[in-house]
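Below is one structure, written out as structure tokens, with a few remarks after it.
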Amino acid sequence: MSKQHINYIFDQIGVLNPIHFKKLVKNRVFSDNAYYEVAEKFFDNYERYLLTEHQTLEYAIDCYLRMIADMYIETIEFHRTGKYTSQTFDEVNKRVYAKPETMEYYMHGLLMSQFLWRHHYQMLEYFLKSLNIYVDRVTSYLEIGAGHGLYISKATEILKTSTRFEVVDISETSINFGKRFISNKDVVFNQKNIFEYDSDIRFDFIIMGEVLEHVEDPFRLLKKVKDILNDDGTLFITTPTNAPAIDHIYLFKNEEEIRHLILSCGFEIISEKSFSSEDVSQEKIEKHKVSILYGAFIRVRK
Ligand SMILES: C[S@@+](CC[C@H](N)C(=O)[O-])C[C@H]1O[C@@H](n2cnc3c(N)ncnc32)[C@H](O)[C@@H]1O
């Protein structure tokens, strides 16, 4: 079983950021062959993709560590003030989405994290396994805030080729990243704020990964998504609790708040999972505000 890329990346992080390396290793549960097979395949393809961009894996590691450095600063502020540093969409738009250089390293960093962070990997696994159930039901698929595009890229491999695939993302950098990264060239990209997006159809399946915490009013966002979801359609959402980042606005303090939001918008939960960002007890999660990534398949309550 090859561990070539993973070992190399961990070794590099160990040299460049020993403190983060310790945390990464502590929370690493990837000992099974299945993980290494999937992750090595991803990094093989990703390295090839980077080459087409005249970049290397070292560049991607640097992007990842820049994202981590931002997160450390945000975390210090969060524990000092109990708030995220940005409170409005305008602030985040100026600070992040409209800044190509920041968005570029951020999206590479996030993409790397899907295979380096246990809870990100577990969420991706949960989504991909569950998506198989929808193959015969889904003729249209929308991703809101696709960022790097990994999720929709995987979905195009699982769902039927006749499926209509669309992306909406506010950031030009994310849209361009997705256009280059996703090999399926039939995906339609819309660079738009989701609140300004309109569609001629209602989608059978919508995915919105880690976007709810990026808006001032997640209730308004879920209602908007409900309007473009087929009455019998499925929405997959993920959002973290207590996760300071340069572009996070809305603070969910616990999973119960997320569930409450879902139900109050007229949805019901089909299935849900939560993954902790750190391998610690529930008591420590609550005491130290350890971030939990919550994900759920939901549908409109009849
Ligand atoms: C944290 S990334 C999530 C990437 C990917 N979905 C994931 O789960 O890793 C958030 C993405 O949502 C986009 N985004 C944030 N607010 C948005 C809005 N109001 N409308 C459309 N896209 C938005 C950002 O540009 C970014 O690409």
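The values are calculated or read from the model by the stated rules, or taken from the named source; none is laboratory data. As the structure is a prediction and not an experimental result, all values here were calculated from the model. Neighbour counts run over all protein chains shown; Cβ positions are idealised from the backbone, glycine included.
Applying a threshold of 6 Å to beta carbon distances and a minimum spacing of six or more residues, or different chains, the list of pairs starting in region 88-101 at a residue that is touching a residue at least 24 places away in the same chain (Cβ under 8 Å) and of a type in the set (V, I, T) and ending at one that is near the ligand (Cβ under 8 Å from one of its atoms) and in a loop (DSSP other than H, G, I, E, B) reads V92/D247; V96/D247. The set of residues from region 226-238 being of a type outside the set (F, W, Y) and either within 17 Å of the chain's Cα centre (by Cα) or not in a helix (DSSP H, G or I) (or both) comprises I228, L229, N230, D231, D232, G233, T234, L235, I237, T238. Please go through region 233-279 and give me each residue that is over 29 Å from R28 (Cα atoms) and of a type in the set (F, W, Y), ordered by number. Residue satisfying the conditions is F267 alone. Of the helices (runs of 4 or more DSSP H) lying entirely inside region 1-55, those containing at least 3 residues that are at pLDDT 90 or above and among the β-branched types (V, I, T) span 4-16.
Inclusion of R95 among residues that are in a helix (DSSP H, G or I) and exposed (fewer than 15 other Cβ atoms within 10 Å of the Cβ) is warranted. Residues being within 14 Å of the ligand (Cβ to nearest atom), polar (S, T, N, Q) and within 22 Å of P100 (Cβ to Cβ) are represented in region 193-201 by at least one member.
Per the conditions (1) among the hydrophobic types (A, V, I, L, M, F, W, C); (2) touching a Gly at 6+ places or on another chain (Cβ under 7 Å); (3) over 16 Å from F10 (Cα atoms), the sole criterion not satisfied by M71 is (2). Residue-level check: of (1) more than 9 Å from the ligand (Cβ to nearest atom); (2) within 14 Å of the chain's Cα centre (by Cα); (3) surrounded by fewer than 22 Cβ atoms within 10 Å (Cβ to Cβ), G145 misses just (1).
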